[in-house]
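Quick notes on the structure that follows.
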Amino acid sequence: MQDAFFANLINRQRELRTHGFDSEPTEEELVDYAFGLDDKLAVLCESFGVRLVQNAHGRWTVVANDAKGEKW
């Protein structure tokens, strides 16, 4: 059980480094990361001519910019 704990800890640290964090991020760092991710998604969607919208159930879906609510 201890081996699994330490393996998970090592994997988590590796994932954090992969995403640009040296250690556990602060709330401010997470907010900055989320804003940056939102900007990247917006640029990606714009390049494909689509946009992300949330449906009535709160799920995200992709809609073509020139469509009237039709899914991509």
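The values are calculated or read from the model by the stated rules, or taken from the named source; none is laboratory data. All values derive from a computational prediction rather than experimental measurement. Glycine also receives a Cβ, built like all others from the backbone with ideal geometry; neighbour counts cover every protein chain displayed.
The set of residues from the range 2-23 being loosely packed, with under 10 Cβ neighbours inside 10 Å and either touching a Leu at 6+ places or on another chain (Cβ under 8 Å) or on the phi > 0 side of the Ramachandran plot (or both) comprises 22, 23. Screening the candidates 22, 3 for the property of being outside any loop (DSSP other than H, G, I, E, B) and modelled with pLDDT under 95 yields one hit, 3.
Taken over the range 32-72, the criterion of being modelled with pLDDT under 90 and surrounded by fewer than 10 Cβ atoms within 10 Å (Cβ to Cβ) is satisfied by 66, 68, 69, 70.
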